[in-house]
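Readers should treat all values here as calculations from the given coordinates under stated rules, not as data from a laboratory. Computed from a predicted model, the values in this text were never measured in an experiment. Neighbour counts run over all protein chains shown; Cβ positions are idealised from the backbone, glycine included.
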């Protein structure tokens, strides 16, 4: 399941609901990216997105993960709008029969979301605002999957 | 924190409690290994352990993960005793500033727990019982960390 | 003349002075012509839209460079480099 | 003669017919002597304890092979290959 949420979500409650009822899944892996306060330098993060397009691009990344790894199910929830320090920005969770595909798929999803999910991040702090783009090592992390 | 639990635990509630209060953590990664029913072939899994020794060996694995990766905190909960299908066997969770160390440390913890945590697993089914030992690929997964 | 709907995402909205704009078009035009029309009298926006890192989507379909065409009623979005996760 | 406490973990408990056993010892002995005493009259247990995959811990400290020594009051544990996670 894929969701872009304009309001805060509870990653553990979402993960519990996702895992419930999959009795054949031996492995549940998950990652939660959280908005950091950078010891006060960040008062909020604003995520612009492109409704419709953003969801369909995340769906493409998700489909690629399902094609590459032996997964039972996947869950991606991504915030949009104004996010406060301590609030989750993204949750990627996978269910699989075995641990390696579950963990690798979460790693893959995060590398691809980081450089491919259509969001535009603006960091808002007491000293002003700045736009955030992926770092060089984010692009490198994504490239590594192409050799595999 | 490390815990060997003789009774079922709620991995999402444990993860939420673990993550609470770490406002500088931008990344939370976790893995939950669940007892599978193998479509009815398994009615329970019994985990023998060696009290005291088991905890200290898990603590060594955990210390190795903290030494290798830039982590803020770690959590390992491992069941002992009789585990029913659908119940969690193990939870490994990490908090870090960034996603790569968080995810890699969970992968590392699971590879080392699989081959190094002192538990002895007996699978109980309608057709009898059998002892479970790590598979060849579990040992290989562990070996790969030594090259890195 | 009917309008095409122009969307400026991320920092482009700041440069354009708004997230959305209506662009009157007499008929189908190349993306190059549309970019030129949007940048007329606004060199900062013209430079920003010309950057190769800025992708263009027509009706939510990413176009190769500035090769596509669009017309009245279409939605044309300008996307700077994304940053998810 | 005082007792050493012997622990058989995992499948060794099945072979030994119990998870725990008291072994009377007159004084410190080599692990080789202890393994021999435990396997006396029980060839299946003797073979299981001799397997190189079975590790021995004395007072929760893993020993190198069967090189260590233990005496009365010590806890000697036999550990077949583990399987966590």
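Could you work out the mean count of beta carbons from other protein chains within 10 Å of each residue's beta carbon in A:37-43? Mean partner shielding for this stretch: 1. Once you reduce the range A:1-50 and the range A:103-127 to the center of their Cα atoms, the two points are 12 Å from each other. The three principal axes of the Cα atoms in chain B give end-to-end lengths of 50, 35, 31 Å, sorted in falling order.
Copy A relates to copy B by a rotation, and the A residue whose beta-carbon is nearest that axis, with the distance in whole angstrom, is A:12, 2.
Taking Cα pairs under 8 Å and at least six residues apart, what relative contact order does the range A:79-148 come out at, in percent? Kindly include the intermediate steps, with their values, before the conclusion.
Details: 42 pairs, mean separation 15.6, N = 70.
That works out to 22 percent.
Would you please calculate the Kirkwood hydrodynamic radius of the range A:95-137 over all C-alpha pairs and express it in Å, rounded to one decimal? Display every interim value, and only then the final one.
Numbers: mean 1/r = 0.0784 Å⁻¹.
About 12.8 Å, per the Kirkwood formula over Cα pairs.
Of all chain C residues, the closest to the C-onto-D rotation axis by Cβ, with that distance in whole Å, is C:85, 14.
When the helix-only estimate is applied to chain B (DSSP H runs of n ≥ 4, each -39,500 (n - 2.57), divided by the residue count), what is the mean residue ellipticity at 222 nm, nearest 500 deg cm²/dmol? All intermediate terms of the calculation are to be shown ahead of the outcome.
Values: 4 runs with 55 residues, N = 148.
Value at 222 nm, helices only: -12000 deg cm²/dmol.
Pairs of Cα atoms nearer than 8 Å and 6+ residues apart set the relative contact order; for chain A it is 33 percent. Taking Cα atoms, how many degrees apart are the long axis of helix A:53-68 and the longest axis of chain A, rounded to 10 and kept between 0 and 90? Roughly 30 degrees between the two axes.
Report, as an integer, the average count of C-beta atoms from other chains found within 10 Å of each Cβ along B:99-111.
Details: counts 13, 6, 0, 4, 8, 2, 0, 7, 7, 0, 1, 8, 4.
Taking the mean over all residues of the peptide, I get 5.
Between identical copies, the spacing of residue A:13 label points, each set 7 Å from Cα toward the C-beta atom, reads 1.5 nm from nearest to farthest. Per residue of A:47-54, other chain Cβ atoms within 10 Å of the residue Cβ number 5 on average.
Scattering from chain D was approximated by placing one identical point on each alpha carbon and applying the Debye formula without solvent; log10 I(q)/I(0) at 0.10, 0.20, 0.26 1/Å stands at -0.21, -0.87, -1.52. For residue B:40, the label point sits 7 Å beyond Cα toward Cβ; its separations from the matching points on the remaining copies run 6.4 nm, from shortest to longest. Averaging the sequence gap over all C-alpha pairs within less than 8 Å and six or more residues apart, then dividing by the number of residues, gives chain D a relative contact order of 39 percent.
I need the peptides A:135-142, B:76-83, A:28-35 ranked by packing, meaning the mean over residues of other C-beta atoms within 10 angstrom, with the highest value on top.
Working: A:135-142: 13.9, B:76-83: 20.8, A:28-35: 26.0.
Highest to lowest by the protection proxy: A:28-35, B:76-83, A:135-142.
Note that the protein assembly as shown shows a convex hull volume over its alpha carbon atoms of 156 Å³ per residue.
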